[in-house]
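The values are calculated or read from the model by the stated rules, or taken from the named source; none is laboratory data. Please read these numbers as outputs of a predicted model, since none were measured by experiment. Cβ sites come from the backbone with ideal geometry, for glycine too, and all protein chains shown count toward neighbours. Protein only, heavy atoms only, side chains kept; ligands, DNA and RNA dropped before computing areas. Shrake-Rupley method; radii C 1.70, N 1.55, O 1.52, S 1.80 Å.
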Amino acid sequence: MNSYELQNRTAVITGAASGMGEATALLLAAGGARVALLSRRRDRLDELAAKITAAGGSALAVPVDVTDPVSVAAAATAVETAYGRADLVVNAAGVMLPNPIGDGREDEWTRMIDTNLTGALRVIRAFLPGLRAVAAAGGTADLVNISSIGAHALFPQYAVYSATKAALTHLSASLRTELGAEAVRVTNIEPGLTDTELGGHVDNPELSAQLGAMFQAMPALSAGDIADLIGYVVSRPRHVNLRQVIALPTPQA
């Protein structure tokens, strides 16, 4: 991965225990940013924080459940107490639970909506005052939402997952109309097939096998590929907002 100049920046990354969130935390820390690692899995966060610290970086492990507003608010307080205002927020927490809509899996619908969409909203609400304050003082402020190509591409049995990601993509576009005038940048990232733990959440044997076949048919993106894009986006000059990045494996494109 490339190295980006991010000295004196404070980043908050949700979903930091694995996948794109973990890779993003490692890259931003290598660029000099202080990184607050948010996820439910405390053991994984502690391991990642230790790895970053051993490499000379600064990391704070903050256990949080983005589906719980009290937990998110407490995390925001912990980050500000340790590092001050965050000027870079990456919403990387997400879950993918595809199934036929006729199965009526309301438990999965609720989990995806509350994590992928409402969870992102909770994080935005908690850290937006800091982003606004940094931008108002002349600093660089970034909000990065990790959506999915599923926001646009149509995949049978993925209706609810795709709906949450389409909502997140539209939310990002709408937020730019609110925050752009305040110099808070909003970027939406839409990865295609990417090798992370996300596919491990699928509990439908047929769909799991279908996803596995896709990984065999083409070289997938890595979590590091997405982290590299995020590093590039947030290291642009303050007046440059890369609003939307769609990243696909070349054969999928």
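Just a few scattered comments:
- Residue list for the stretch 38-90, restricted to those being closer than 23 Å to Ala137 by Cβ and not hydrophobic (A, V, I, L, M, F, W, C): Ser58, Thr77, Glu80, Thr81, Tyr83, Gly84, Arg85, Asp87
- If you go through the stretch 76-96 and keep only what is touching a Leu at 6+ places or on another chain (Cβ under 6 Å), over 16 Å from Val144 (Cα atoms) and either hydroxyl-bearing (Ser, Thr, Tyr) or buried (at least 23 other Cβ atoms within 10 Å of the Cβ) (or both), you end up with just Met96.
- Close Cβ contacts (under 9 Å, 6 or more residues apart or on different chains) running from residues in the stretch 171-188 that are on the phi > 0 side of the Ramachandran plot to residues that are polar (S, T, N, Q) comprise Ala183/Thr140.
- In the stretch 1-26, the residue that is modelled with the lowest pLDDT out of those that are hydrophobic (A, V, I, L, M, F, W, C) and open to solvent by 10 Å² or more (accessible area, probe 1.4 Å) is Met1.
- Residues that are open to solvent by 20 Å² or more (accessible area, probe 1.4 Å) and either modelled with pLDDT under 95 or closer than 21 Å to Leu27 by Cα (or both), drawn from the stretch 62-75: Pro63
- Residue count for the stretch 45-64, restricted to those that are within 20 Å of the chain's Cα centre (by Cα) and either of a type in the set (Gly, Ala, Ser) or under 18 Å from Ala78 (Cβ atoms) (or both): 12
- Residues of the stretch 78-128 that turn out to be of a type in the set (D, E, K, R) and not in a helix (DSSP H, G or I), as a count: 3
- Screening the stretch 181-221 for residues that are open to solvent by less than 50 Å² (accessible area, probe 1.4 Å), in a strand (DSSP E or B) and not aliphatic (A, V, I, L, M) and picking the one that is farthest from His152 (Cα to Cα) gives Arg185.
- Matching residues, the stretch 18-55, being among the hydroxyl-bearing types (Ser, Thr, Tyr) and without any contact (Cβ under 8 Å) to a residue 40 or more places away in the chain: Thr53
- Checked against the criterion of being open to solvent by 70 Å² or more (accessible area, probe 1.4 Å) and acidic (Asp, Glu), the stretch 228-242 contains not a single residue that satisfies it.
- Restricting attention to the stretch 133-178, the residues that are open to solvent by 40 Å² or more (accessible area, probe 1.4 Å) and part of a strand (DSSP E or B) total 0.
Conditions (1) of a type outside the set (Phe, Trp, Tyr); (2) touching a strand residue (DSSP E or B) at 6+ places or on another chain (Cβ under 8 Å); (3) under 14 Å from Val12 (Cβ atoms), marked per residue:
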{"site": "Ala33", "(1), (2), (3)": "yes, yes, yes"}
{"site": "Ala36", "(1), (2), (3)": "yes, yes, yes"}
{"site": "Pro63", "(1), (2), (3)": "yes, yes, yes"}
{"site": "Val70", "(1), (2), (3)": "yes, no, no"}
{"site": "Ala74", "(1), (2), (3)": "yes, no, yes"}
{"site": "Leu88", "(1), (2), (3)": "yes, yes, yes"}
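- Any hit, the stretch 210-231, residues being closer than 21 Å to Ala183 by Cα and not β-branched (Val, Ile, Thr): yes
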